[in-house]
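A short worksheet on the structure shown next.
The values are calculated or read from the model by the stated rules, or taken from the named source; none is laboratory data. On a predicted model such as this, the values are computed, not experimentally measured, just so you know. Here the Cβ is made from the backbone with ideal geometry for all residues, glycine too, and neighbour counts use every protein chain on show. We work out accessible area using only protein heavy atoms, side chains counted, and drop any ligands, DNA or RNA first. Shrake-Rupley method; radii C 1.70, N 1.55, O 1.52, S 1.80 Å.
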Amino acid sequence: IIYPDFAHRPAPVSRLTADVVSLSSYPLLLLGIWRLPRRPLSLSSHLRISLDGLMIITAALTFSWYFIMGPAVLVGHQSLEGKLVSVAYPLADLLLIACLLLLGDGMRSLRPIVTLFSAGLLCVVATDSVFSYRLLHGLWHNGTLLDIGWSLGFMPIGAAAAAAQRVPVAIKAEDEPDC
C-alpha cells in the first residue's frame, strides 16, 4: 500500500500477492482471540451469548452479502481470483467479529484489553468494508486516506496484545469463579 505512494510507481508485486499477504493476518488475529483467557461459563450464559452473537452475525452477513459479497460474486467483472479475494475480506471480518462476540462476557481484568482489541478490529473491519465496496465499483486507488485505516486498526490490536502479556497470573486467577 505504501510503496506506490512514496515511489510514485506501481508496486513490484501483483495485487493478488499483496492480498494473500494481507489475508494471512486474519488467521493470526483469530489465534490472538483464541489465546485470550476467559472464564468458564454456565450453559445458560454460553447459550445466551451464542444466540446474541448469532443474531448479530446474521444481520452483518445479510448486509455484507447485499452490499459487497453478492455483487462481487454475481455481477463483478473480475477474474475468479479477484472474486475470491473480494469475498475473503468480508468473510474473514465476520469470522473475527463472531469470535470476539464470544468474549463479550469475559473477565474484569481483561475488559480494557478486549475493548482495545475490539476498537482496532472494528477499524480494520470498517476499512475492509469501504475497500471492498470501492473496489467493487471501480473507485479504489492507492494514495487515499483509506490506506491508513489498516494501520490505525492494527495499532490498538498490537497494544492490546502487549497489554495482555503484562496481565499478572494472580489477576487472571482472581477473576476465576470459586468452585
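Remarks
- Using a Förster distance of 25 Å, the FRET efficiency for His141-Ala119 (Cβ separation, nearest 0.05): 0.35
- The 1.4 Å probe gives accessible areas that order Ile68, Ile56, largest first, as Ile56, Ile68.
- With R₀ fixed at 35 Å, the C-beta to C-beta distance from Thr62 to Thr17 puts the FRET efficiency at about 0.65.
- Separation of the Ser25 and Ser44 label points, Cα + 7 Å toward Cβ, nm: 4.2
- Across the protein chains, with a 1.4 Å probe defining accessible surface, the residues Trp140, Trp65, Trp34 rank Trp34, Trp65, Trp140 from largest area downward.
- Full extension of the segment from Ser151 to Arg166, taken as 0.36 nm per residue of separation minus the current Cα-Cα distance, would add 3.1 nm.
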